[in-house]
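Asker: Below is one structure. I have some questions about it.
Derivation of every value follows stated rules applied to the coordinates shown; laboratory data play no part. Just so it is clear, the structure is predicted and the values come from calculations on it, not from any experiment. For neighbour counting, all protein chains shown are included, and Cβ atoms are generated from backbone atoms with ideal geometry for every residue, glycine included.
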Amino acid sequence: KDGIIENNGVLENWSIGFAIHYFVTPALRIAVSGRLEPGDRTQEAGRMKPSNAILSAVLLLAAGCANFHVAGQVAQGRQALLQQDPKSALAHFRTAAEMDPDFYLNWSLLQQGVWTYVGRAYYATGDLGAARGALEKATSLYSWDNMAKLYLGLVLLRGNDPAGGLKKVEAGLLGFYN
């Protein structure tokens, strides 16, 4: 249940509160006061035009909201995987991948890209061809994604490449160890 809490039967992502506190609040403070952070080297001696400050705050808020929506989709997909519902998980992960194909989860013990989750969900549904494609994409995007290497090895082992599968499984496990 990484990042998920239950509140009166409703699952909520606790990281949204964290993000509002650390990202949205400072952006709004800049928009309201027009002041930049101390040490900023501008010609206007630490002041920003209110219209520029508001635009900056809106852009930060929009970017933050989009990222939280992607993170929420990944969190819901992870929950579905834990509940043995890979088809539902796949829908959430594919939505997240469409919104931000470079997204990776860095607040979990095992960092994984969104394509690793897509591949894991395909693997769980038994679609090894689609799993292989997603996991190959994950390993090409993030060389540090050891879970993608491990699952790609499992896909290859179940397919027609046992030597390649063993090599990938070993690479993934060694990556976890190191």
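Asker: Please compute the modelled spin-label separation between residue 91 and residue 140, points set 7 Å along Cα→Cβ, answer in nm with one decimal.
Answerer: So the label points at residue 140 and residue 91 sit 2.9 nm apart.
Asker: Further question: Residue separation times 0.36 nm, minus the C-alpha to C-alpha distance between residue 163 and residue 111: what's the value?
Answerer: On the way: separation 52, 0.36 × 52 = 18.72 nm, distance 2.60 nm.
16.1 nm is the gain from fully extending residue 163 to residue 111.
Asker: Compute the whole-percent fraction of alpha carbon pairs in the range 82-178 spaced more than 20 Å apart. Each step should come with its number before you reach the end.
Answerer: Working: 1419 of 4656 pairs.
Percent of Cα pairs beyond 20 Å in the range 82-178: 30.
Asker: Pull up all non-local amide H partners of residue 112: gap of 5 or more, or a different chain, and H-to-H distance under 5 Å with H placed in the peptide plane.
Answerer: It is 105, by chain and number.
Asker: While we're on this one: Modelled label-to-label distance, residue 128 and residue 171, 7 Å Cα→beta-carbon offset: nm?
Answerer: Here the modelled spin labels are 1.9 nm apart.
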